[in-house]
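Student: Below you'll find the structure I mean.
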Amino acid sequence: MTKHQTLTAVDTDDLQIISAQLQDAVTRAGDLVWLPKSRRFAALFNRFRWENGKAEGERVRSGLHFDSVLTVKSFKFRRDDPKAVASLLAIAFKPRGNEDPGGTIELVFSGGGMIRLEVESIEAGLSDISGPWAARGRPVHELGD
């Protein structure tokens, strides 16, 4: 993804692509905001650029938004400290029913934290808003048994 190019998501397949782009992205609690009157949830992340294939790795500042958001709830997520850092592991969607486009979008963070967005439908966008910089390290995941 290049600066100012936006990936959009309108279904679960699209959302999986955005989730992969944001795996291991870091954010601060203060960089997450719900705008109830606009029915929008927005977040800023420093995402690891998995797609560049460089061994040393790069990060880039990215903006994520979800529209048609009805409610937002957080679980085990530090909202009391706007500078608290959290690492995003994945974004998932759980539909309400077979014919209903709505459901729950879950942003899953390391340490068990989660933010749940109740949405009328999947309407999301991810844009890089800065140039890349050298990452301090490459995220490593231990494989389970």
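The values are calculated or read from the model by the stated rules, or taken from the named source; none is laboratory data. All figures in this text were calculated on a predicted structure; none of them were measured in a lab. In this analysis, Cβ positions are derived from the backbone assuming ideal geometry, glycine residues included, and neighbour counts consider all displayed protein chains.
Student: Just the residues that are among the small types (Gly, Ala, Ser) and either surrounded by 10 or more Cβ atoms within 10 Å (Cβ to Cβ) or within 13 Å of Thr12 (Cα to Cα) (or both), please, taken from the range 80-98.
Tutor: Residues satisfying the conditions are Ala84, Ala86, Ser87, Ala90, Ala92.
Student: Taking interchain pairs and intrachain pairs at least six residues apart, which have beta carbon atoms under 6 angstrom, with the first residue in the range 85-96 and free of Cβ contacts under 8 Å to residues at least 60 places away in the same chain and part of a strand (DSSP E or B) and the second aliphatic (A, V, I, L, M) and surrounded by fewer than 20 Cβ atoms within 10 Å (Cβ to Cβ)?
Tutor: Val85/Val26
Student: Follow-up question, since we're still on this one. Examine the range 57-79 for a residue that is of a type in the set (Ser, Thr, Tyr), surrounded by fewer than 18 Cβ atoms within 10 Å (Cβ to Cβ) and more than 17 Å from the chain's Cα centre (by Cα), and state whether such a residue exists.
Tutor: Start the filter on the range 57-79 by keeping residues that are of a type in the set (Ser, Thr, Tyr), which leaves 62, 68, 71, 74.
Filter once more, keeping what is surrounded by fewer than 18 Cβ atoms within 10 Å (Cβ to Cβ): 68, 71, 74.
Applying the additional criterion that residues be more than 17 Å from the chain's Cα centre (by Cα) yields none.
No, the range 57-79 has no match at all.
Student: Which of (1) without any contact (Cβ under 8 Å) to a residue 40 or more places away in the chain; (2) closer than 23 Å to Thr12 by Cα is the odd one out, the single condition Lys37 does not satisfy?
Tutor: Of everything listed in (1) without any contact (Cβ under 8 Å) to a residue 40 or more places away in the chain; (2) closer than 23 Å to Thr12 by Cα, Lys37 misses just condition (2).
Student: Could you list, in sequence order, the residues of the range 23-51 that are modelled with pLDDT of 95 or more and part of a helix (DSSP H, G or I)?
Tutor: Asp31
Student: With the structure loaded, tell me whether Glu99 is modelled with pLDDT under 95, within 20 Å of Ala20 (Cβ to Cβ) and not in a strand (DSSP E or B) or whether it fails that test.
Tutor: Details: modelled with pLDDT under 95: yes; within 20 Å of Ala20 (Cβ to Cβ): no; not in a strand (DSSP E or B): yes.
No; evaluated as a whole, the condition is false for this residue.
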